[in-house]
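The values are calculated or read from the model by the stated rules, or taken from the named source; none is laboratory data. All values reported here derive from a predicted model rather than from experimental measurement. Using ideal geometry, Cβ is built from the backbone for each residue, glycine included, and neighbour counts are taken over all protein chains shown. Side chains are part of the model used for accessible areas, which takes the heavy atoms of the whole protein and leaves out ligands, DNA and RNA. Shrake-Rupley method; radii C 1.70, N 1.55, O 1.52, S 1.80 Å.
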Amino acid sequence: MFALLPSLCLAGASSPPGGTQDRLKERLAEARALQQKGSLREAQRSFEALLPELLARTDQADLGAALNALSQMAKAQGDYDRAASRGLEAAEVYRKLADREGERRAVNNIGLAGLYRGDYPTAVRHFEDALALARSTGDREGEIEELNNLGTVYFPQAKYLDALHAYRSALDRIDQAAGAPWHARRRRILLMNLAALFLRLGGYEQALDLYRELQKSPEALAPSEQAALLANLGVLYRRLEDPLKAMQTYRTAGQLFAKEQHRDGEIGVLKNIGIVEALDLGDLQAALGTFARALSLAEGTGNRREAMQVRLYRGETLIRLGDLAGATSDLEAALDSAEELGTTEDQWKALYGLGRIFRQRGRDDLAMARFRQAISVIESVRSNLQLATLKTDFLADKRDVYDALIELFTERPDTAEIFELLERSRARTFKDRLQERARQGGSAPVSLAAVQSRLDPRTLLLEYWVTPRAAAVVWATRDTSGIARIPFSSAVAEEISAFARELASGSGEEWRRASEAVGRRLLAGVEPLARSRFRHLVVVPDGPLSALPFEALQPPAAAGTLLIERFDVSYMPSAAILLRDAPPLHRSWSLPWTRQLVAFGDPLVPPRPTGALPGEGRLARLATSAEEVREIARIVGGGAELHLGAGNSKRLLLGGQARDVPLLHLSTHATADDANPERSRIVFSPAGQDQEPDYLFLKEVYDLDLTGVDLTTLSACDTERGKVIRGEGLQSFSRALLSAGSRAALTTLWRVADRPTTEFMKQFYFELGRREPKSEALRLAKLRLLRSGSELRHPRFWAAFVLNGDGLRPIPRRFAWNGLLAPAALVLLATAVLAGRRKQRPRREGAAALPGPAHFRSGR
């Protein structure tokens, strides 16, 4: 895909005073020539050598230009701290000269250094300053440049609406400057960036229109840029499930790359064509021929990395064709090259392929050894959080390697080893975030013994493993554990999905039969379920089970009884949550004047769709949202901070408003995107008048500071839905909230009606106020509906609400005012009584003293 393109500015070319013989002028020109030629280190040395002379001159315009050039070169070499430092020096020089254009260029360089360093707040601040400078001088191109750069820095922060506004503002100004010499180049950069943004937001048709528009102006594109554009367009057609159009576009791109003798581009296009032939068209023989041509090109140009990757693709194709000898040869060659090049991603893929070949040949010991090697390579490299991206799905996913080894182990069960493998295979980036928040090192293996030590005597843990062809559940209590295999297939997966759909939309009692059947399938073999001493159930789901409310299942040992009638149920993306440190003791209570609740609700929405986001429909005003928030505040008591209507601002939450507050409640609209989690979002009121709603995107939720928050409730629809990424799990809001520091999160599995949700939330918070643990409070609220005798007894009204994280602790206890004042009152009373006795001691036989309570009351 095209990368987002920040605008670059060249250093000013002001000349020092003096004649043509001025040696300083010649040396400056030589340094600039070296910079333009790309000899950055030589140019850097030349400019650095000139600085003392430039500092001594009265006219310092050339000093500013030299410092700007040094800032640019440092940035190009990845030395962003030096780039920012030189940019600051240049900006100060230009400021003294009152040269606003030069100052803008310098400030822009500082912003770019911040962008590339990942220091987004600094980048935004300097781009905004540069924008103000451009506008103050009427510099139209500079204004467009800074708006584009602002959009580019908003994009990686998931501030998609801000990016969209910046790009569109820049495009409006470009359209007003038709005929300017820079018009075509600036427009091309912006259209590419807008297309990339629309792809991220799922606006495929809008992205397609932009790419077509770019194709109509080939004079603005170099041939290699046209080819790259077509390659991106091929990816887009594949997203739109049009493989034939993708193939046609790839081939045109390949012809352009070939004409330009751009061999790397040509090889990349051939790989994409081979993937389409293998996966989308099912023509493995054609794919084999395409990969062979790509390999010939790679070997002819000496590109070892491309040759190694093509061997991986061809090896996978040969496995699928049943040519295990040919596949072995390709994969062993790819492994040797990957080890020499140090490319770990390719190493584990080759090892996984070789393990599968040994498995097919019945050499399980050798297969196990290769799978272990692959996992060792995978775990040697840690990566930052990555949300969904388009993948070819041709070579392996990391989770495939763990699944292959787990499947071998389930044939000769070792519960402790299988449990550790399960934990190593899932939610890796989530666990990394937990480690970072706890300021610990890398993720340590999660052992069964460590997890069991954190279970209380009444808790039963169920951790599931699901693949398209096999499944199992590891169960554990404080002192015992076991594993039960579950027969699994695509038909079973559909049975479970159909049951979840019936729960979400049904109205009769048909769900009960499915509840018994699915319960028998998923819970058979979990022996502790029949023991009465267990009251708490903790479930770590996997794959399709992430969308299933276990509370609505009937265990085989108690047909006719739902799990919710015997257990409180909570969920976790990983059992590693159980190993978190307990909150400090001082957080188990709060003083009456401290904040107990921060709540956001009743977002303002426009009367019609704004079109700000692709596919965004009309949002209705939530009729009972404000009532829900106010009633919860009354039930909870203590300090409450409510942000309703126009005050429901996303920026307050981003600013850390909820830190160290026990309860955070969001009553709003939300959208969970099953295809691309980066488009999942929560609605807030507009940031200003006559604007569209503001959105908190899922990626931004991960970056919230929810340290000290005991429970976050997201009272909105579908907030426990999202894309299931193999090896990471469900990309839902609850996972993001837990990553941000909240110890527990209450979310919903499907769309819930406004009024029943409000009533349910009132009951839930009432139970929390009675000091019930969070999961038990949720259970009691659900039972109230289940046993209501009304239509609300159907699971679609209560089973959607699920609790993730720590469910076994109650929210912190709040000391009431009377609890604090009573001791003080008793002290005052005792003091008054003693004082009265001292005064009356000489005349003990006289009038009786006033009773203490009467004296105390008159004192109030």
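Numerical summary
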{"item": "Scan of region 717-748 for residues that are touching a strand residue (DSSP E or B) at 6+ places or on another chain (Cβ under 9 Å), surrounded by fewer than 24 Cβ atoms within 10 Å (Cβ to Cβ) and hydrophobic (A, V, I, L, M, F, W, C), ordered by number", "result": "C717, V724, A740"}
{"item": "Condition met for P607 (part of a loop (DSSP other than H, G, I, E, B), open to solvent by less than 30 Å² (accessible area, probe 1.4 Å) and modelled with pLDDT under 90)", "result": "no"}
{"item": "The listed residue being among the aliphatic types (A, V, I, L, M) and open to solvent by less than 20 Å² (accessible area, probe 1.4 Å), out of L34, L51", "result": "L51"}
{"item": "Scope region 698-737; condition assigned to a strand (DSSP E or B) and either more than 24 Å from M761 (Cα to Cα) or among the charged types (D, E, K, R) (or both); matching residues", "result": "V724, I725, G729, L730"}
{"item": "Qualifying residue in region 470-488 (condition: surrounded by fewer than 16 Cβ atoms within 10 Å (Cβ to Cβ) and of a type in the set (G, A, S))", "result": "yes"}
{"item": "Residue count for region 94-114, restricted to those that are touching a residue at least 24 places away in the same chain (Cβ under 8 Å), open to solvent by 20 Å² or more (accessible area, probe 1.4 Å) and part of a helix (DSSP H, G or I)", "result": "6"}
{"item": "Residue check, V473 closer than 20 Å to P573 by Cβ and either outside any strand (DSSP E or B) or not aromatic (F, W, Y) (or both)", "result": "yes"}
{"item": "Among residues of region 644-700, those that are free of Cβ contacts under 8 Å to residues at least 60 places away in the same chain, open to solvent by 30 Å² or more (accessible area, probe 1.4 Å) and aliphatic (A, V, I, L, M), counted", "result": "5"}
{"item": "Scope region 527-553; condition open to solvent by less than 10 Å² (accessible area, probe 1.4 Å), assigned to a loop (DSSP other than H, G, I, E, B) and over 15 Å from P457 (Cα atoms); matching residues", "result": "L548, P549, L553"}
{"item": "Count - residues of region 709-746 that are among the acidic types (D, E) and more than 13 Å from A672 (Cα to Cα)", "result": "2"}
{"item": "In region 758-792, the residues that are of a type outside the set (A, V, I, L, M), touching a residue at least 40 places away in the same chain (Cβ under 8 Å) and open to solvent by 10 Å² or more (accessible area, probe 1.4 Å)", "result": "K762, F766, G769, R771, P773, E776, R779, E791"}
{"item": "Condition broken by S224, with the remaining ones in (1) touching a His at 6+ places or on another chain (Cβ under 6 Å); (2) without any contact (Cβ under 8 Å) to a residue 40 or more places away in the chain satisfied", "result": "(2)"}
{"item": "All positions within region 645-693 that are more than 22 Å from the chain's Cα centre (by Cα) and at positive phi", "result": "G645, D660, D690"}
{"item": "Which listed residue, of Q215, Q255, Q248, is under 35 Å from the mean Cα position of the chain (by Cα), over 26 Å from Y154 (Cβ atoms), at pLDDT 90 or above and surrounded by fewer than 18 Cβ atoms within 10 Å (Cβ to Cβ)", "result": "Q248"}
{"item": "L461 vs. criteria crowded, with 22+ Cβ neighbours inside 10 Å, over 21 Å from Q731 (Cα atoms) and either in contact with a strand residue (DSSP E or B) (Cβ under 9 Å, 6 or more places away or on another chain) or among the β-branched types (V, I, T) (or both)", "result": "yes"}
{"item": "Residue that is modelled with the lowest pLDDT [pool: residues in region 192-212 that are aliphatic (A, V, I, L, M), within 16 Å of Y167 (Cα to Cα) and assigned to a helix (DSSP H, G or I)]", "result": "L199"}
{"item": "Test set (1) assigned to a helix (DSSP H, G or I); (2) open to solvent by 50 Å² or more (accessible area, probe 1.4 Å); (3) farther than 14 Å from Y116 by Cβ - R82 fails condition number", "result": "(3)"}
{"item": "G265 open to solvent by less than 40 Å² (accessible area, probe 1.4 Å), of a type in the set (G, A, S), within 20 Å of L312 (Cα to Cα) and assigned to a helix (DSSP H, G or I)", "result": "yes"}
{"item": "Residue match in region 300-312 (condition: over 32 Å from the mean Cα position of the chain (by Cα), crowded, with 24+ Cβ neighbours inside 10 Å and part of a helix (DSSP H, G or I))", "result": "yes"}
{"item": "Residues located in region 68-79, provided they are part of a helix (DSSP H, G or I) and open to solvent by 10 Å² or more (accessible area, probe 1.4 Å)", "result": "Q72, K75, A76"}
{"item": "Candidates L199, L161, filtered to the one that is open to solvent by less than 40 Å² (accessible area, probe 1.4 Å), in contact with a strand residue (DSSP E or B) (Cβ under 9 Å, 6 or more places away or on another chain) and among the aliphatic types (A, V, I, L, M)", "result": "L161"}
{"item": "Any hit, region 421-440, residues being touching a Gly at 6+ places or on another chain (Cβ under 8 Å), buried (at least 17 other Cβ atoms within 10 Å of the Cβ) and under 19 Å from G807 (Cα atoms)", "result": "yes"}
{"item": "Region 24-42 - residue that is modelled with pLDDT of 80 or more and of a type in the set (K, R) and, of those, nearest to T58 (Cα to Cα)", "result": "K25"}
{"item": "Test: T343 is closer than 17 Å to V269 by Cα, of a type outside the set (G, A, S) and either at pLDDT below 95 or surrounded by 23 or more Cβ atoms within 10 Å (Cβ to Cβ) (or both)", "result": "no"}
{"item": "Condition met for R630 (without any contact (Cβ under 8 Å) to a residue 40 or more places away in the chain and surrounded by fewer than 17 Cβ atoms within 10 Å (Cβ to Cβ))", "result": "yes"}
{"item": "Residue match in region 139-156 (condition: surrounded by 24 or more Cβ atoms within 10 Å (Cβ to Cβ) and closer than 24 Å to D62 by Cβ)", "result": "yes"}
